[in-house]
Every structure is written in structure tokens, then in C-alpha cells.
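*Asks:* Next up is a structure, given as C-alpha cells.
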Amino acid sequence: MAPTDGVGTAATFSGPYGLSVSSGGTVYVADNGGPTSCLVRAISPEGAVSTIAGCSGPEYFPTACFNSDGVGTNACFDNPLGLAADDDTGSVLVITKSVVRQISSTGAVSTFAGTGYAGFSDGPRSAASFYLLSGIAFAPDGRLLLADLLNNNIRVVSRAGEVTTLAGAAPPGGPCLPSADGVGTSATFCQPWGVAVDSNGVAFVADSANNQIRAVTRGGLVTTLAGSFAPGFADGHGKAAAFNSPRGVALTTSGSLLICDSINFRLRTITPAGEVTTFAGNGTRGTTDGPALGASLDYPSFVAVDHRRGAVLVSDGTRVREIVAAAPPPPPSARPPAPESASSGASASASASASASSISGAGASASTGASASSGATASGVASASASDFASATARASSGTAVLPASTLSKLEEASFVAGGLALAAAAAVFAARVRARRLADGRALAARAVTGVVNGDESAGGDYAELAP
């Protein structure tokens, strides 16, 4: 059945994968339900889901998933997997197997890079070849970074349209190699999946089959940030942590990295100091909403951050889920007097109701009690300055992507409220705005379905073999 447009949970998806949030708050979704539906969808800031391009329906039997140019739904995509909104042009770039497609601001779809044939070659973007692209992200300088899954490398499209290989060395389209750090083609990846780029041009890559998170500087220096190579689950520092097929990645405003730990059914986070913690998911497969660590996830594959609302979005099975941050506690002067029987003293803890509802408020909802606590006071978080954040997120373009330990205390104070679970602001102005909104609505950290309903496909999100060329 073809996916349907609508508001909130009245809309349906076939297989949401890549997510990208524009500066205006529109969420773009690569909805890959091959072979009968391959679409690019948009979720408005009010939660309305619409189809902006792509083919779907029985009239396309035996497949609606092939690349053809056109406008809107007269154009088709070959298994769209990831996408990136270009705020400079108003366009959206979509990766489809071995081709990068472009949806213009007027809805016209054309080929941006790639010959359409699986392979490996650098050169002008129209002559370059790729082998199953899986991750896409813009760098601040306008370069486009691509994770080339089956070529096991990271590619770059320059502003001038030249494609080069930034890092990774393996037989094109052949067996991948265990991870090795190094510069450029002396480094190795094994099925790099998601990619995100920070303000200094450092790319963070989910090295999926190596179960590690890697960093690649502008000069091609590759280092391993976290993960122990063997699949597993463990929080901890750097390589003491363990993942199981990490996929999509996204950066928060505080410089922490969010990772879809797909087969662990969790969303993980790495601070700039290298500490890995669990951000959401209880480790069992499911679609239960509720407090972040109590909610269940269904093969989370891609993640994005809506900085305007301070929310994390996750493509999860056949839904797009949302995680919203808890409001920090009020300052002591604003707190009501404690009952005589209660112990006195200021604490930075908060208790509120976690709700599951559509992003537009039109979906079904449920409430669950939740509480969170943090060692950082509300006033300490609010007083974190822009320079503190800038210092905490700075990385040398020619060196390691791991930050100095001296930044840890300020980062931990400002990165997360409520036990390391609430998303923080990256600068004082942003922090004040988000904090004011959160104080007003008092929402507790919760994972919730923001749009889409489960369509009964138990295999959704769990098998990517059909994406191979």
C-alpha cells in the first residue's frame, strides 16, 4: 500500500531512512519502500506530511524505484537512502544507490553527481562513479561529503563540482578491511554509513561493519573516536564503548554526536571528551513511546537535530520518532516553599509528564511519569557563555578530533541537563531561548512517534540487502 500524506500520525511511511532539517524547520525524509514506493517527503513545522517528489503505486509495477528526471511526483528515485537540505539554494540533495539527485526549489529533479553505474572513479561530478552511497552531509564551506558504503571510503564533491576521495582504501566494490587509522587512503573503513560534519569541517563517520565511530579531518586524517570493533553494547570512554552496526549520525549544538545504534535498538551519544552514553532506547525492539531510556526503538537508522525546537528526530522502522528535552529546574528564587517534612537544599532535579503525540498535536497521545536529575545547577547551565561552547567544540583541522580533557567540566555542565539526557544549547543566546520555551511547556525527555504508523511490516528497517545495486 502506498504511503499516505496527512498530519502527524495520520500520515504513513513505507520505510523512512535519511532525515535532514532545513533552517526553516522543514524535515525532509527519504521514504524508501521499494519496490513499490520510493519518495522524498516533507514534514512541515506544524507536522503536516507531504510528498514532494518520487514515484509510488501499482501503476509502476514491477518497480517504482528507478532514477528518472521530472518535476515532483513525475520524477522517480532508485531507493533513496539519505538526503541533505541545501539552505543556500533551497534545494535538497538525495543519494540513490550510485547517484546523487537534486530536487530544486521549484521541485525539478535532476542528476547532480554520478554516472548511474556502480563503480569507483573520481573526477568531474558528472563523470564520477560511486557504489551504494549511504551518507551525505554538507560542510560549512559548501563541500558535500558522501559515505560510499560499498567502496568503503569517504568522497567529497567540491563547490567546483570535482569529486575526490578523502579517506579510505579498499578494493572498489570488494571486501572491506578492518579499521585502520591513518591519512587518506592509508586509512580503512568497512561499510561507512552515516556522516556528519562540524563547524570546523571535521567529518564524523559511523563505520558500520567495524562497529566504530571515526573522525576525518579536512586533510584526511582518520582517527577512531569510540567502539571496540567487536559488536556489542557498552557505555564508556572511547574504545571501551561498544556498538552493534551504528548507522546514522548527527551533531548537537553542544558538539556531542548522536548515533543510531541500530541492532542495539538504541540511540547513543559521544561527548567531545569521548564519553559514550545511551541517549534513548531500552534495548528491545519495539515502538513504545515514553521517557527516552524507557522507550523502545525499531532498528533506528538515521537521526537529525531540529535546532529550532531543541528536538532529536529518528527514522525508526516505519515511523519518524521525536525526542524532546526536559525543562531545566527553576532557579531557587522561583521555587515554591518545600513542605516542612521535605528535606531542604537546592537540587537540580526535575519531574514532569512525558507525552507521546504527533509533532502537530494531532496524533494519539499517552502520558507517563518521568523524572531526571543532574549535577549541574540550572543557573550554571544558563550562564555558560558562547566562548565556553566555542572552546569546547574547537578541533584542529590537522589533528585529532578528540577534544582536550580540560574542556570536560564545562562541557558536561552545559551539554546535557537531567543526567546527561537533555539536549543543550550551543551558545548562550540559543540556550536562553530554548530554556525559556522548555520552562513554559515543562515537557520531560521522551521518545515519541511524531508521524507515521506501523504498517505491519515486521521486517522494516532490519534488512538492507535490497539496497545493493
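The values are calculated or read from the model by the stated rules, or taken from the named source; none is laboratory data. Because the structure is predicted, anything quoted here is derived from the model rather than measured. No Cβ is skipped: glycine too gets one built from the backbone with ideal geometry, and neighbour counts run over all protein chains shown. We work out accessible area using only protein heavy atoms, side chains counted, and drop any ligands, DNA or RNA first. Shrake-Rupley method; radii C 1.70, N 1.55, O 1.52, S 1.80 Å.
*Asks:* If you take the residues of the stretch 17-57 that are among the aliphatic types (A, V, I, L, M) and surrounded by fewer than 24 Cβ atoms within 10 Å (Cβ to Cβ), which of them is nearest to Ile259 (Cα to Cα)?
*Replies:* Val21
*Asks:* Sort out for me the strands (runs of 3 or more DSSP E) sitting completely within the stretch 187-282 that have 3 or more residues that are touching a Lys or Arg at 6+ places or on another chain (Cβ under 8 Å).
*Replies:* Hits in the stretch 187-282: 192-197, 203-207, 221-226, 257-261, 275-280.
*Asks:* I want to confirm something. Restricting to the stretch 150-171 and keeping residues that are hydrophobic (A, V, I, L, M, F, W, C) and in a loop (DSSP other than H, G, I, E, B), which single residue is surrounded by the most Cβ atoms within 10 Å (Cβ to Cβ)?
*Replies:* Per the criteria, the residue is Leu150.
*Asks:* Let me ask you something else. Is it the case that the stretch 113-125 has a residue that's within 25 Å of the chain's Cα centre (by Cα), over 16 Å from Val195 (Cα atoms) and without any contact (Cβ under 8 Å) to a residue 60 or more places away in the chain?
*Replies:* Yes - at least one qualifying residue is present in the stretch 113-125.
*Asks:* Looking only at the stretch 33-56, which residues are in a strand (DSSP E or B) and without any contact (Cβ under 8 Å) to a residue 60 or more places away in the chain?
*Replies:* Of everything in the stretch 33-56, those that are in a strand (DSSP E or B) and without any contact (Cβ under 8 Å) to a residue 60 or more places away in the chain turn out to be Ser37, Cys38, Leu39, Arg41, Ala42, Ser50, Thr51, Ile52, Ala53, Gly54, Cys55, Ser56.
*Asks:* Looking at the stretch 62-112, which of its residues are hydroxyl-bearing (Ser, Thr, Tyr), touching a Cys at 6+ places or on another chain (Cβ under 9 Å) and either free of Cβ contacts under 8 Å to residues at least 12 places away in the same chain or over 23 Å from Ala304 (Cβ atoms) (or both)?
*Replies:* Thr63, Ser68, Thr73, listed by residue number.
*Asks:* What's the number of the only condition in (1) of a type in the set (Gly, Ala, Ser); (2) without any contact (Cβ under 8 Å) to a residue 24 or more places away in the chain; (3) open to solvent by less than 10 Å² (accessible area, probe 1.4 Å) that Ala147 fails to meet?
*Replies:* (2)
*Asks:* Please work out which residue is surrounded by the most Cβ atoms within 10 Å (Cβ to Cβ), limiting yourself to the stretch 1-11 and to residues that are more than 16 Å from Arg309 (Cβ to Cβ) and out of contact with any Asp or Glu (no Cβ under 8 Å at 6 or more places or on another chain). Walk me through how you get there before you give the answer.
*Replies:* The initial filter retains those residues of the stretch 1-11 that are more than 16 Å from Arg309 (Cβ to Cβ), namely 1-7, 9-11.
Keeping just the survivors that are out of contact with any Asp or Glu (no Cβ under 8 Å at 6 or more places or on another chain) gives 1-2, 4-6, 9-10.
Values: Met1: 13, Ala2: 16, Thr4: 13, Asp5: 13, Gly6: 20, Thr9: 24, Ala10: 19.
Step by step, filter the stretch 1-11, then rank; the result is Thr9.
*Asks:* Search the stretch 314-325 for residues being out of contact with any Lys or Arg (no Cβ under 7 Å at 6 or more places or on another chain) and not basic (Lys, Arg), and hand back the single one that is surrounded by the fewest Cβ atoms within 10 Å (Cβ to Cβ).
*Replies:* Ranking the qualifying residues of the stretch 314-325, first place goes to Thr318.
*Asks:* When you look at Leu177, is it touching a strand residue (DSSP E or B) at 6+ places or on another chain (Cβ under 6 Å) and either open to solvent by less than 10 Å² (accessible area, probe 1.4 Å) or among the hydrophobic types (A, V, I, L, M, F, W, C) (or both), yes or no? Please lay out each step first, then the result.
*Replies:* Working: touching a strand residue (DSSP E or B) at 6+ places or on another chain (Cβ under 6 Å): yes; either open to solvent by less than 10 Å² (accessible area, probe 1.4 Å) or among the hydrophobic types (A, V, I, L, M, F, W, C) (or both): yes.
Against the criterion (touching a strand residue (DSSP E or B) at 6+ places or on another chain (Cβ under 6 Å) and either open to solvent by less than 10 Å² (accessible area, probe 1.4 Å) or among the hydrophobic types (A, V, I, L, M, F, W, C) (or both)), Leu177 qualifies.
*Asks:* List pairs: first residue in the stretch 1-15 and more than 17 Å from Glu59 (Cα to Cα), second residue of a type in the set (D, E, K, R) and surrounded by fewer than 22 Cβ atoms within 10 Å (Cβ to Cβ) anywhere in the structure, Cβ distance under 6 angstrom, at least six positions apart or on different chains.
*Replies:* If the second residue must be of a type in the set (D, E, K, R) and surrounded by fewer than 22 Cβ atoms within 10 Å (Cβ to Cβ), the pairs left are Ala11/Asp5.
*Asks:* Please count how many residues of the stretch 211-237 are over 18 Å from Thr165 (Cβ atoms) and free of Cβ contacts under 8 Å to residues at least 60 places away in the same chain.
*Replies:* Counting residues in the stretch 211-237 that are over 18 Å from Thr165 (Cβ atoms) and free of Cβ contacts under 8 Å to residues at least 60 places away in the same chain gives 16.
*Asks:* Please work out which one of (1) open to solvent by less than 20 Å² (accessible area, probe 1.4 Å); (2) under 24 Å from Ser262 (Cα atoms); (3) in contact with a Gly (Cβ under 7 Å, 6 or more places away or on another chain); (4) not aromatic (Phe, Trp, Tyr) is the condition Ser14 fails and give its number.
*Replies:* Every condition holds for Ser14 apart from (1).
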